[in-house]
1. Taking a ≥ b ≥ c as the square roots of the Cα gyration tensor eigenvalues, with a/c under 1.5 meaning rounded and otherwise prolate when a/b beats b/c, else oblate, which class fits the range 29-85?
2. Would you mind classifying the range 130-245 by shape? Square roots of the alpha carbon gyration tensor eigenvalues, ordered a ≥ b ≥ c; an a/c under 1.5 is rounded, otherwise it is prolate if a/b is larger than b/c and oblate if not.
3. I'd like the Karplus ³J(HN,Hα) series for the range 197-205: coefficients 6.51, -1.76, 1.60, θ = phi - 60°, whole numbers in Hz, and an x wherever there's a Gly or Pro.
4. Can you sort LYS127, LYS232 from fewest to most other Cβ atoms within 10 Å of each residue's own Cβ?
5. What list of ³J(HN,Hα) values in whole Hz, one per residue of the range 225-234 in order, does the Karplus curve 6.51 cos²θ - 1.76 cosθ + 1.60 (θ = phi - 60°) give from phi, with Gly and Pro shown as x?
6. Let a ≥ b ≥ c be the square roots of the eigenvalues of the Cα gyration tensor of the range 175-218; is it rounded (a/c under 1.5), or, if not, prolate (a/b larger than b/c) or oblate?
7. Give me ASP241, ASP92, ASP164, ASP136 ranked fewest to most by other Cβ atoms within 10 Å of their Cβ, as a rough exposure proxy.
8. Excluding ASP233 itself, what net charge comes from residues whose Cβ is under 15 Å from its Cβ, given Lys and Arg +1 and Asp and Glu -1?
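What follows draws every value from the coordinates through simple rules; no lab data is involved. Please read all numbers here as calculations on a predicted model, not as lab measurements. In this analysis, Cβ positions are derived from the backbone assuming ideal geometry, glycine residues included, and neighbour counts consider all displayed protein chains.
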Amino acid sequence: MGRVVTVGDGDQTPQQDGSDGLTMMENGGPKDHYTIGEVVARLRKEFPTLSVSKVRYLERRRLINLTRTRGGYRLFSPQDVELLKYILTLQDKEYLPLKVIKKRIEGGVPVGTSDSGGELSRVLEDKTYTREELADAIDTELRFVEELQSVGVVGRGGELTQRDVEISRMALEMAKYGIQPRHLRGIMAAVEREAAMFKQILNPELRSGDDQRVQDAVNKARHLAAVDSRLKDLMMASAIDNFAS
C-alpha cells in the first residue's frame, strides 16, 4: 500500500496525487480499500453536504458496515462506496427516511440501479411523513421540524408531504447561518400576500366552473410564481452587491 497519514478526524487519508483519491495510491497502484477521508472528498462533488460525521452517523444507524484496521480506522471497499452513494441518493435526492432506506437494503434491493429515481419519485408524489420521519429524512432533530410546523412553514395542508421535506431541507440550510424557523414567518407572510394577489387576478377563471379554464388559471399562477421567483433572485443579487459598498 502507499504511505498513509493520519488526519485530525481520527481516521486516515492516503496521500493523493491530486487527481482521483479513490483510484490511486501514492505509488500509483490500484486500491481495494479507501479511507473515510478519501470517500468524503470524492463524493462531496455529488453530495455537497456530506461530511465525515454524517458517514459515522450512517454507520451508527447500521446502514453501512465498515471493516476497520487494527488501529480502528474505517476502510471502505468499492462495494461500500457504492452502497454509500445509494443511501445518499435516496436520502438527499429522493428524501426517503433512513429507516425506509435500511429496510430496502435489508430486503436485498439492488444497489446502483439506474431506474430507482423514477420509481421512487412516483411513489413519493403521494407520500406523507410523520414529524419523526421528516426529521430523519433531513438528518435533524425532531424539535426543528416541530418549530417549522408551529410557525406554519410546513404542514399547512394538514399533512407533511414531499414538498415539506424539501422546504425543511432548505430551512435547515438557512439555520446553519443563524436563520431560525421563527425568522421564516416574514417570508411565509410575503408568500401568502403574493399568492393572494395572483388568485385575485385569476379569480374569474378560477370561479368559472370550467375545468379547462380552471387548469389554465392554475398554470398561469405557476408561471407568475416562476417569474416572481426569478425577479426576486435578481433584486436580491442587486441588494447583495451593495453589501461591500
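1. Numbers: a/c = 1.59, a/b = 1.12, b/c = 1.42.
Since a/c reaches 1.5 but b/c is at least a/b, the shape of the range 29-85 is classed as oblate.
2. Note, shape of the range 130-245 comes out oblate.
3. Karplus-based 3J(HN,Hα) across the range 197-205 equals 5, 4, 5, 5, 5, 9, 4, x, 6 Hz.
4. In order of increasing Cβ crowding within 10 Å: LYS232, LYS127.
5. Computed from phi, the couplings for the range 225-234 are 5, 5, 5, 4, 5, 5, 4, 5, 4, 5 Hz.
6. prolate
7. Working: ASP241 9, ASP92 18, ASP164 25, ASP136 21.
In increasing order of surrounding Cβ atoms, one gets ASP241, ASP92, ASP136, ASP164.
8. Combined, the nearby Lys, Arg, Asp and Glu give -1.
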